[in-house]
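S.K.: To start, I am sharing the structure in question, which I have written as C-alpha cells.
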Amino acid sequence: MPEYCTEDNFEISPGLFTHSLTRAQVEEQYGCCQMFVCSIPCPVSFDNKGVAVHFGIPVAVVSLSWFIMALIIAKFTIKGDARNFFVCNRTLPMYVVVCALLAQGLDSNATLGNVVNSYKFAFWDGAVLPLGLGISLILNGLLLAAPINQMGLLTLPELFGRKYGGLMEVIVSCIEITSFTFLLAGNLVGISLVLQFCFGLAKGASIAIAGSVLCLYSASGGLFSVALTDLPQVIGGFTAFTATVIYMMTHEPGSPVAGPSMGFALDLGNNMTATTPGYNGSLTCVDPVTGASTCDNYAYPRGDTLVNNGGMTDPDAYTPFPNAILINWVTIFVLGLGNLCALDFQARCMASKTPNVARFSCFISGLLLICIGVPFGLLSGLARKYYGPDSQYAEFETDTCSAPLGLASCAEWLPVGQDVLFKLLWQHAPKALGAWTMVAIVTASMSTADGAILATATVMAHNIWRKVPRYGTKEANLLWVARIFHLPMTVMACCVAAWAYNPAYLLVVAFDIVFAGVLVPLLAAVYYPRGSPNAGLLACLSGSVVRVILEFTLPKDGSLVAFGKYALQYGPALMGLPAFMQIDPPDQQSSAGVWDPDTRKCDQGPLSDWTGLDSIVSPTVSLLVFVGVALFEHFWPGRDILFFISKNWRATKPLYQGDDQVDPDTSRTPALAVDKAVASSIFPAPPRHLKDDSSAHGGRMGPGGSSGNKSTAVSPLADDPIARELQVIPGMSLRERPVKPEDSI
C-alpha cells in the first residue's frame, strides 16, 4: 500500500497538498483518499445483519437435503456396478437427461459470473457465458450426441483410444482432467462466495468446506446420484432465476437502470462555486425540505443503458469506455465449440437410453439454458443502479486520471466485488425470493461441480491408472479406484480456486484448454474415418503447444481489451477540477483550477490485451496439422511420420462396437493382448478384430456394420502404415504375431 494517496504531490486546495498527509492520517481525518483528494464521499459499509438467518440457513438445509438424497439414490442404484456408477447403465430417459444437461451447463459461472461481469462492464460481457454454453449443447445435439451414445463408451477419452491409440487416450485424458479441474474450481468459487456472504467465512475455509461436501456427494452415488438429484434441482431451484428476474424487473420503482446523474457542486470560496452541467441542487447536497441527497458522482450524464445493441459489433459502443469485443466473441466460440469436448456433457449423452434421447435432450436443454441464463444478466442493470459509480457504495482509485472522462483524479471506478448479486438480493428483493435464488446458485454450482469431480476421477481411474503395469485398475476394483481419485481431483481444484478466485474466468479457461487441441481430433474421429493416429496425435499436440506458447508471447496487460478508440489505460492523478465543471461566475472559469486535458496531458498508454487470439489460432493450427498429415499419408502411404513411437501405442479398434464384440467397459482385459510382452506394456495391444475395422481406416461400411461392395470399398490399409504393419497375415492369429522388442515397454 503506497504511503500517500497519490504518487505525485500536487495542490488540492490552497496550502494543502496530496503529500501533506499520509494515507493513515487521511483515513483518520477524512475517512478515505477519494474524499481527501476528490471530495467524493467515502463508500458506505454494507449492512449484512441477519443474512445468516434469512439466507444462510435455507442454503445449508437444502444443500444437506441434496446430500442425503444422493446417499439414498446410491444405495438403490449403484449395486457395485461400475457402469451404473459412471453411465447409469445407459438407461436415462429424456426428461432426466434434459435436467442433467441443463444442471451441468447452468452453473455459478453462467449465473453469478454472468451478473458480475455485466455489472462490472456491460450486459454482453456477461451474457456471452450462458449464450456460449447453450450454443454448445445445440451443436452437440447436431454433431456428436447420437454418435457418442452409439459408441457405448464409458468416458470420452476412450473414443480417442479407439480411434488414435492408447497414447492419444492418455494425452487427451490429461488435457481433460486439467480442463475440468478449472471448471470445478470455478464452481467451488461460486459456493465459496455464498458461504462467505452468508456466514462470514474466510476464503480458504469456505473453499475447503465446499470441496469436502462435493467430494463426498459425488463419490457416494456417481452419475445416478448426480443425474437424479438434478431433476428436483432444476425444477425447484432453477425456476428461481426466471422468477427473480421477472419480479425484480416488474416491481422496480422507476427505471431498472441508473437514470441521468444529478451531479454535484463545490464551494471554492471567495463567492465562487463549481457545478456539473445541469445541477440545480444546493451546495450542501441536501434537499432542505425532504432531507434527501441532491448529489451523486456524475457517472452517468445521460443515464445508464441496460443493453447496448452495438456491444457485439462496435468496439466504441461504450464511449467513453473501451469495449472488450474480441474476448466476448472468442468466449462464445470457446464455450460453444470447446464444450463439445466436455466430459460431463458427453457422459450424460453416453448414459442416455437411445441416441435420439441424447440428441433431442441436447436441443431442449441448450434452448432452456439460453432462455434462463441470458435474461438473468439483466439484473446487472439494477446492480449498477444501487451499487455502481453513482451509488453511496461507490469507490474510486484516487491516483487515476482519464482524458475521455474529463477526470484529473479518481477516474477509475472500483466495483464492489463478486458478491454484488447477493447484496442486491438482500437489500432489494423479498427475503424469501432472495433465499430461493441463493439456494438456486448453490444448487447450480453443486450440480456442475459434482459432475466435474465424477468426470475427472472416472477418467483418472479408467483411462490413465488402468494402464499402469501390475498396479493398474482392474474390472473388480474400478469403482473403488474411481472413488479414491475423487479426493486428489477435489484437492487440485481447491488449489486452483484459491489461486484464481473468479468463476467467469475459470469457466472460459476450462474449455479453452480442450478447444486448442482436442476439438479437431474429436470431430475428425466421428466425421473423417480415414484420419490416422498420426494425424490425431500431431493435431492434438500442435494445438495444445501453440496455445501454451501464445499464452506467454502475446501482449496481455490484463484489461482484455485489444483495440478501439477508447482502449486507454488510466494515467496517474493530476491537479485540477474535472474538465466538465462549470464555474460561477463564468469569467473565473480559466482561473478556478479546472483541468484542461489539452495543456496538461493525462499519461494514458494504450490498452493491449490480445487474450482470445490465442484461443482462435490454436485450434486453427490443430486443423491445419491434421489436414497436412492426412495429405502426407495419402500421397506417401508407406511413410510413418511418428516412426519413433511404438505402433502398439497407436493401435486402433472400432469406434462403434456391436453387441457380439467385446464390451467397451472391459476393453482393457488380457484377452486382447498380443502376447505376454505386450500384455505388460503400459498401453494395450491391438484388439483381435483390428483387421476388420474398416470404419476406423476409411472403409465403407454396409448395413449392419459389414463391409460394402468390395469393388467400391476403400481398403482399410490403403494409407495407414500402422494398421498395415499390425495386420494379421494369413494363417496366423493376432495372438501369434511376432512382437518386436521396440514395440513393447
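The values are calculated or read from the model by the stated rules, or taken from the named source; none is laboratory data. Note that this is a predicted model, so its numbers are computed, not measured. Ideal geometry is used to build each Cβ from the backbone, glycine not excepted, and the neighbour counts take in all protein chains shown.
A quick yes/no check of all residues on (1) assigned to a helix (DSSP H, G or I); (2) surrounded by 24 or more Cβ atoms within 10 Å (Cβ to Cβ); (3) in contact with a His (Cβ under 8 Å, 6 or more places away or on another chain); (4) not β-branched (Val, Ile, Thr):
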{"site": "ALA444", "(1), (2), (3), (4)": "yes, yes, no, yes"}
{"site": "ALA449", "(1), (2), (3), (4)": "yes, yes, no, yes"}
{"site": "ILE484", "(1), (2), (3), (4)": "yes, no, no, no"}
{"site": "THR490", "(1), (2), (3), (4)": "yes, yes, no, no"}
{"site": "ALA524", "(1), (2), (3), (4)": "yes, no, no, yes"}
{"site": "GLY536", "(1), (2), (3), (4)": "yes, yes, no, yes"}
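S.K.: Which of the helices (runs of 4 or more DSSP H) contained wholly in segment 92-163 include at least 2 residues that are within 19 Å of LEU519 (Cβ to Cβ), in contact with a helix residue (DSSP H, G or I) (Cβ under 9 Å, 6 or more places away or on another chain) and touching a residue at least 60 places away in the same chain (Cβ under 8 Å)?
M.R.: 94-105, 123-143, 145-150
S.K.: Out of the residues in segment 635-659 that are in a helix (DSSP H, G or I) and closer than 30 Å to ALA145 by Cα, which is farthest from the chain's Cα centre (by Cα)?
M.R.: ASN648
S.K.: Tally up the residues in segment 5-58 that are closer than 30 Å to GLY434 by Cα, touching a helix residue (DSSP H, G or I) at 6+ places or on another chain (Cβ under 8 Å) and not in a loop (DSSP other than H, G, I, E, B), please.
M.R.: Adding up the residues that qualify gives 6.
S.K.: Hey, can you tell me all the residues within segment 338-397 that are surrounded by fewer than 23 Cβ atoms within 10 Å (Cβ to Cβ), polar (S, T, N, Q) and under 27 Å from TYR300 (Cα atoms)?
M.R.: Passing the criteria: SER391, GLN392.
S.K.: Do you know which residues across segment 575-630 are in a strand (DSSP E or B) and buried (at least 19 other Cβ atoms within 10 Å of the Cβ)?
M.R.: Correct list: LEU577, ILE583, VAL594.
S.K.: Among the residues in segment 352-365, are any part of a strand (DSSP E or B) and farther than 30 Å from LEU574 by Cβ?
M.R.: Yes, segment 352-365 contains at least one residue that is part of a strand (DSSP E or B) and farther than 30 Å from LEU574 by Cβ.
S.K.: Go through segment 32-47 residue by residue and tally those that are among the β-branched types (Val, Ile, Thr) and over 18 Å from LEU574 (Cα atoms).
M.R.: Total meeting the criteria: 1.
S.K.: Looking at segment 258-281, is at least one residue surrounded by fewer than 24 Cβ atoms within 10 Å (Cβ to Cβ), assigned to a helix (DSSP H, G or I) and free of Cβ contacts under 8 Å to residues at least 24 places away in the same chain?
M.R.: no
S.K.: Specify which of the listed residues (VAL420, VAL416, VAL357) is among the β-branched types (Val, Ile, Thr), at pLDDT 95 or above and within 23 Å of ASP125 (Cβ to Cβ).
M.R.: Matching residue, one of VAL420, VAL416, VAL357: VAL420.
S.K.: Scan segment 644-662 and report the pairs whose first residue is within 13 Å of GLY536 (Cβ to Cβ) and outside the structural domain of LEU153 (by TED's automatic domain parsing) and whose second residue is of a type in the set (A, V, I, L, M, F, W, C) and at pLDDT 90 or above, with Cβ atoms within less than 6 Å and a gap of 6+ or a chain change.
M.R.: The qualifying pairs are TRP649/LEU167; LEU655/MET151.
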